[in-house]
1. Restricting to segment A:1-50, name every residue that is modelled with pLDDT under 95, of a type in the set (A, V, I, L, M) and out of contact with any strand residue (DSSP E or B) (no Cβ under 7 Å at 6 or more places or on another chain).
2. Taking segment B:4-36 on its own, how many of its residues are within 11 Å of another protein chain (Cβ to nearest Cβ), in contact with a Lys or Arg (Cβ under 8 Å, 6 or more places away or on another chain) and either of a type in the set (Ser, Thr, Tyr) or in a strand (DSSP E or B) (or both)?
3. What is the number of the single condition among (1) of a type in the set (Val, Ile, Thr); (2) within 12 Å of chain B (Cβ to nearest Cβ); (3) farther than 13 Å from A:Phe33 by Cβ that A:Val110 does not meet?
4. Hey, could you check segment A:10-31 for residues that are within 12 Å of chain B (Cβ to nearest Cβ) and farther than 10 Å from A:Gly69 by Cα and say which is nearest to the chain's Cα centre (by Cα)?
5. How do the pairs read when you match residues in segment B:8-35 that are hydroxyl-bearing (Ser, Thr, Tyr) with residues anywhere that are surrounded by fewer than 19 Cβ atoms within 10 Å (Cβ to Cβ) and in a loop (DSSP other than H, G, I, E, B), using Cβ under 9 Å and keeping only pairs 6 or more apart or on different chains?
6. Does B:Val55 satisfy the condition of being within 9 Å of chain A (Cβ to nearest Cβ) and free of Cβ contacts under 8 Å to residues at least 60 places away in the same chain?
Amino acid sequence: GQNIDQPTEMTATEGAIVQINCTYQTSGFNGLFWYQQHAGEAPTFLSYNVLDGLEEKGRFSSFLSRSKGYSYLLLKELQMKDSASYLCAVTPRGQAGTALIFGKGTTLSVSS
Amino acid sequence: ETGVTQTPRHLVMGMTNKKSLKCEQHLGHNAMYWYKQSAKKPLELMFVYSLEERVENNSVPSRFSPECPNSSHLFLHLHTLQPEDSALYLCASSQDLAGLSNSPLHFGNGTRLTVT
């Protein structure tokens, strides 16, 4: 079966660092995506990992361990505008008829 | 216009109505998708199209009927829906099929559907 787990909610303060974890069990693996979704808006692409290690993009970094079925999204120097839902999604390997499988999302609330 | 555009943004319909959701992408992508987003649930894949051909029907009830007349447009025709079908319906596109590549999905803002 396909299963992606992430915490439902997290809170943090401005300027802090927060780590959002994601674990997955899927039939094959062809990459992991992180998306950000503000309330009432479309999900937007943040990062993609297919090899083990850390990918850094400004204040956001994403880490992957394929052997552990584990990823995290690291947000540094948090700002109020980072309050959003963060979606972890996995592409199963080589299946034409599938697209991304999403977790339920983690709602992050940033306070001042 | 750029990106993925969905209309209408909001739709209220009765269970006996017939309506259609429209999606248009201006990115030159080859694949398009319909997802359903309900509260407290993960995004659920409904339909996948690649170059206007349906690749997968993900066991979606027949009261949802997709149509892809060309690679830029995607419709979701709705008829005799149930109240539990109330949700946010998101359209997305990607350069190539997400299942076979690392192409990220680009989403529209969605249609908030309420079935009364």
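The values are calculated or read from the model by the stated rules, or taken from the named source; none is laboratory data. This is a predicted model, so every value here is computed, not measured. Because the Cβ atoms are built from the backbone with ideal geometry, glycine has one as well, and the counts that use them run over all protein chains shown.
1. Listed by number, the residues that qualify are A:Ala39, A:Val50.
2. Of the residues in segment B:4-36, 2 are within 11 Å of another protein chain (Cβ to nearest Cβ), in contact with a Lys or Arg (Cβ under 8 Å, 6 or more places away or on another chain) and either of a type in the set (Ser, Thr, Tyr) or in a strand (DSSP E or B) (or both).
3. It is condition (2) that A:Val110 fails.
4. This residue is A:Gly31.
5. Final answer for the pair search is B:Thr16/B:Thr80.
6. Numbers: within 9 Å of chain A (Cβ to nearest Cβ): yes; free of Cβ contacts under 8 Å to residues at least 60 places away in the same chain: yes.
Considered against the rule, which asks whether it is within 9 Å of chain A (Cβ to nearest Cβ) and free of Cβ contacts under 8 Å to residues at least 60 places away in the same chain, B:Val55 comes out as yes.
A quick yes/no check of all residues on (1) modelled with pLDDT of 95 or more; (2) over 22 Å from A:Gln36 (Cβ atoms); (3) surrounded by fewer than 19 Cβ atoms within 10 Å (Cβ to Cβ):
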{"position": "B:Gly14", "(1), (2), (3)": "no, yes, yes"}
{"position": "B:Asn30", "(1), (2), (3)": "no, yes, yes"}
{"position": "B:Glu44", "(1), (2), (3)": "no, no, yes"}
{"position": "B:Ser50", "(1), (2), (3)": "no, yes, no"}
{"position": "B:Pro61", "(1), (2), (3)": "no, yes, yes"}
{"position": "B:Cys91", "(1), (2), (3)": "yes, no, no"}
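Conditions tested, residue by residue: (1) under 30 Å from A:Gly28 (Cα atoms); (2) of a type outside the set (Ser, Thr, Tyr).
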| residue | (1), (2) |
| --- | --- |
| B:Ser59 | yes, no |
| B:Phe75 | no, yes |
| B:Pro83 | no, yes |
| B:Leu100 | yes, yes |
